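Note sheet for the following structure.
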Amino acid sequence: LETGAVGRKSAKKKPEPKAEEYDDEEYFDDDPRFRPMRIILGIISLAAFGYLIYRGFVTGLADTTEGSTISSGMTYIIIALCMLVSALLYFIMMSRNTVFAFLLPMVFYLGGGIFAFLQRGDDMQLLIAAVAGAVLAVVSLILALTSRGGYDEENDYDDAFEDDYADEDY
């Protein structure tokens with residue numbers, strides 16, 4: 001019936017110019033970056049958790065049997081838990097390509113390091129644990145900053161020889 005009228009209306013319409021399609025996948029990959037480094041940091045954090053939890057229990061028990069009212073055992077336990085949470089965050093967010101995959105563990109490293117530094121007293125191992133937490137936080141920050149690197153339009157240039165000979169026919 002009215003198919004002729006519909007056909008005439010669509011024929012009168014001017015075709016819209018096609019916009020160039022920009023394909024993000026061409027330049028950016030969604031693969032998580034620094035996956036081996038995440039595994040290494042997770043394993044280091046788990047080892048630190050094991051040592052610090054052991055040290056916390058031993059120190060806490062020794063302080064309790066001596067009758068001391070001040071115990072650094074709880075400080076060791078808190079730092080150990082911060083290391084455990086950081087390791088778990090690295091392992092859980094291993095397949096994600098976000099900055100938060102590095103920033104969240106960094107917060108726990110930094111929090112544990114600052115807490116250990118403030119509560120250290122004259123305990124040298126707490127100072128070492130605080131410095132280790134700060135170093136791991138800095139490494140996480142560096143990885144977070146470099147993980148956002150991608151396609152840079154300014155540095156995308158072709159070979160200089162290719163431009164010289166592009167117009168010549170061979």
**Q.** Integer Hz, Karplus 6.51/-1.76/1.60 couplings in order for segment 44-53, x for Gly and Pro
**A.** 4, 5, 5, 5, 5, 4, x, 5, 5, 5
(Q) What is the sum of charges, Lys and Arg at +1 and Asp and Glu at -1, for the other residues whose Cβ falls under 11 Å from the Cβ of Ile79? (A) +2
Q | Phi to ³J(HN,Hα) by Karplus 6.51 cos²θ - 1.76 cosθ + 1.60 over segment 76-93, Hz, x for Gly, Pro | A | 4, 5, 5, 5, 4, 5, 5, 5, 5, 5, 4, 4, 5, 5, 4, 6, 5, 9
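Bear in mind that the values in this text are calculations on the coordinates, not laboratory data. This one's a predicted model, so the numbers in the text were calculated from it and none came from an experiment. Every residue, glycine as well, gets a Cβ built from its backbone with ideal geometry; the counts of neighbours run over all protein chains shown.
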